[in-house]
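The structure under discussion appears below in the form of structure tokens.
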Amino acid sequence: MKMKGVVLLPLLLWLFAFQLYQPTNVRAAAQDEWATLVAKAKQEGKLVMIGPVGSDRKDSLTLPFQQKYGIEIEYLPDPVSVMAARVTTERQAGKYLRDVVVAGALEDIFLPLNVLEPIEPFLMLPEVTNRKNWRGGAIEFVDPAHMIIIMTPFHRGILFVNTKLTDPKAFKSYNDLLDPKWTGKIVTDDPRSSGPGQATFEFFSVHPQLGPKFIRALANQKLTMIKDRSQQADAVGLGKFPLAIGLSDAVVEERIKQGVPLAIVDPRQLREGTDISPAAGGLAVFNRAPHPNAAKLYVNWLLSKEGQTSFVRATGYISARIDVPTDHAAPWRVPQPGAIKTYGLQARRDARAKLMPLLYEVFGR
């Protein structure tokens, strides 16, 4: 027995020492791997990305990263409608020019083109991979192959008013829009194209208290459809129309800051509430990226607390990270469990199969 004890004691001490040493060793290896990535990214010296339109968005997505790592970002602020055509044309010419994209509706725009790379292998930083840092206990991927990350799920504004012409607090339900006094006085983003208008009508279509019957009734209100998002907001802000639905929150909030008499109706006062959308908060990496190390470094920075704080403070969005402040946005924007989502593969399939035929029926093609 003594011999066994003599033999086992050194073994136990070795195991104990190994357990103490292992976390330090793992951390050191992770730090070395990160340092290697930073060095390789700096050698590449550049990142090429597609991002949302607006100087505030561009600055939030580029300046802090450039200052921290000294890597130039070439930023292409492409509207959603232009991005797919641009990348398709480039690739048909054998050109692989883009590294990263930050935008909305990526599952509609780029996923069908087979130009994206699975993004999960890019995630390195412990603060990014730690599930406890994310709402719902995990990073949210849109697709089974984990090519698209949702960074900013938040409640959208759906109903907008000119405050000199209409009291925002007068509305208790979207059914209030069916009042004959609003006939011919409502502007909307064209729901037949991808964007906030389509997301709004998708929310209407799947809500159990609204649905196709409501959409048909709303169409009878002789909606005015304007495709340009700035013109939509200006039509209401200048008093040409008292009401609007499905506008760009970002454009409206920009006008409000400029003193334009616009308001987003608080969805908490509306019986049906509102949906959850990431707006332009989807993140993906292009396959065959020209600067893969810079792309990997950027993805980890953007998904860190630092990167997310920079992005959401510029946009008014809410980060999927639970450690990122929300005091820059209206309290109603924070996502609530069980709310209707108007993004993701199933939502897009429903839109194509059910919503679009209905929209063509009531608004024409």
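The values are calculated or read from the model by the stated rules, or taken from the named source; none is laboratory data. Because the structure is a prediction, the values reported are computed rather than measured. Every residue, glycine among them, receives a Cβ derived from its backbone with ideal geometry; neighbour counts consider all protein chains shown. What goes into the accessible areas is simple: the full protein's heavy atoms, side chains included, and nothing from ligands, DNA or RNA. Shrake-Rupley method; radii C 1.70, N 1.55, O 1.52, S 1.80 Å.
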Any hit, segment 158-168, residues being modelled with pLDDT of 95 or more, touching a strand residue (DSSP E or B) at 6+ places or on another chain (Cβ under 7 Å) and surrounded by fewer than 18 Cβ atoms within 10 Å (Cβ to Cβ):
yes
Conditions (1) free of Cβ contacts under 8 Å to residues at least 40 places away in the same chain; (2) open to solvent by 60 Å² or more (accessible area, probe 1.4 Å) -> ALA84 fails only (2)
Of the conditions (1) closer than 16 Å to SER193 by Cβ; (2) modelled with pLDDT of 95 or more, the single one that LYS227 does not satisfy is (2)
Filtering segment 279-300 for residues that are more than 10 Å from ALA41 (Cβ to Cβ) and either open to solvent by 10 Å² or more (accessible area, probe 1.4 Å) or aromatic (Phe, Trp, Tyr) (or both) leaves a count of 7
Condition set assigned to a helix (DSSP H, G or I) and in contact (Cβ under 8 Å) with a residue 24 or more places away in the chain, scope segment 310-337, selection most open to solvent (accessible area, probe 1.4 Å): answer is ARG313
Within segment 338-351, restricting to residues that are of a type outside the set (D, E, K, R) and closer than 23 Å to ASP190 by Cα, the one that is surrounded by the fewest Cβ atoms within 10 Å (Cβ to Cβ) is GLN346
| On the given criteria, is LYS354 open to solvent by 80 Å² or more (accessible area, probe 1.4 Å), closer than 17 Å to GLY282 by Cα and of a type in the set (D, E, K, R)? | no
message = Just checking, does segment 330-353 include any residue being more than 19 Å from ILE276 (Cα to Cα) and modelled with pLDDT of 90 or more?
response = no
Checked segment 249-266 for anything among the β-branched types (Val, Ile, Thr), part of a helix (DSSP H, G or I) and open to solvent by 30 Å² or more (accessible area, probe 1.4 Å); matches are ILE256
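Consider segment 91-102. How many of its residues are touching a residue at least 12 places away in the same chain (Cβ under 8 Å), part of a loop (DSSP other than H, G, I, E, B) and open to solvent by 40 Å² or more (accessible area, probe 1.4 Å)? Walk me through it before giving the result.
Looking only at segment 91-102, we keep the residues that are touching a residue at least 12 places away in the same chain (Cβ under 8 Å), and these are 91, 96-102.
After this cut, where a residue has to be part of a loop (DSSP other than H, G, I, E, B) as well, the list is 96-99.
Next, from what is left, pick out any that are open to solvent by 40 Å² or more (accessible area, probe 1.4 Å): 96-97.
Matching residues across segment 91-102 total 2.
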Scanning segment 202-231 residue by residue, those under 17 Å from ALA353 (Cα atoms) and not in a helix (DSSP H, G or I) turn out to be HIS207
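Would you say GLY307 is surrounded by fewer than 18 Cβ atoms within 10 Å (Cβ to Cβ), farther than 22 Å from ILE256 by Cα and either out of contact with any Lys or Arg (no Cβ under 7 Å at 6 or more places or on another chain) or not aliphatic (A, V, I, L, M) (or both)?
Values: surrounded by fewer than 18 Cβ atoms within 10 Å (Cβ to Cβ): no; farther than 22 Å from ILE256 by Cα: yes; either out of contact with any Lys or Arg (no Cβ under 7 Å at 6 or more places or on another chain) or not aliphatic (A, V, I, L, M) (or both): yes.
The answer is no for GLY307.
Is there a residue being part of a helix (DSSP H, G or I), open to solvent by 40 Å² or more (accessible area, probe 1.4 Å) and in contact (Cβ under 8 Å) with a residue 12 or more places away in the chain anywhere in segment 188-201?
Within segment 188-201, the first condition is being part of a helix (DSSP H, G or I), and the residues that meet it are 196-201.
Checking which are open to solvent by 40 Å² or more (accessible area, probe 1.4 Å) leaves us with none.
No, segment 188-201 has no match at all.
Within segment 267-276, does at least one residue satisfy the condition of being in a loop (DSSP other than H, G, I, E, B), in contact with a Phe, Trp or Tyr (Cβ under 6 Å, 6 or more places away or on another chain) and either farther than 25 Å from VAL187 by Cβ or open to solvent by 10 Å² or more (accessible area, probe 1.4 Å) (or both)? Full working, then the answer.
If we filter segment 267-276 for residues that are in a loop (DSSP other than H, G, I, E, B), which is where we start, we get 270-275.
In the following step, the residues that additionally are in contact with a Phe, Trp or Tyr (Cβ under 6 Å, 6 or more places away or on another chain) were identified as 272, 275.
So of that shortlist, the ones also either farther than 25 Å from VAL187 by Cβ or open to solvent by 10 Å² or more (accessible area, probe 1.4 Å) (or both) come out as 272.
The answer is yes, given that some residue of segment 267-276 is in a loop (DSSP other than H, G, I, E, B), in contact with a Phe, Trp or Tyr (Cβ under 6 Å, 6 or more places away or on another chain) and either farther than 25 Å from VAL187 by Cβ or open to solvent by 10 Å² or more (accessible area, probe 1.4 Å) (or both).
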Within segment 103-157, of all residues that are of a type in the set (Gly, Ala, Ser) and closer than 18 Å to ALA199 by Cβ, the one most open to solvent (accessible area, probe 1.4 Å) is ALA105
Looking across segment 153-187 at residues that are part of a strand (DSSP E or B) and within 23 Å of VAL53 (Cα to Cα), the single one that is nearest to the chain's Cα centre (by Cα) is PHE154
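Kindly indicate the residue of segment 54-65 that is of a type outside the set (Gly, Ala, Ser) and buried (at least 19 other Cβ atoms within 10 Å of the Cβ) and also nearest to LYS296 (Cα to Cα) among those meeting that condition.
In the first step, residues of segment 54-65 are kept if they are of a type outside the set (Gly, Ala, Ser); the result is 56-59, 61-65.
Applying the additional criterion that residues be buried (at least 19 other Cβ atoms within 10 Å of the Cβ) yields 57, 61-62, 65.
Details: ARG57: 20, LEU61: 15, THR62: 15, PHE65: 13 Å.
Residue satisfying both the conditions and the ranking: PHE65.
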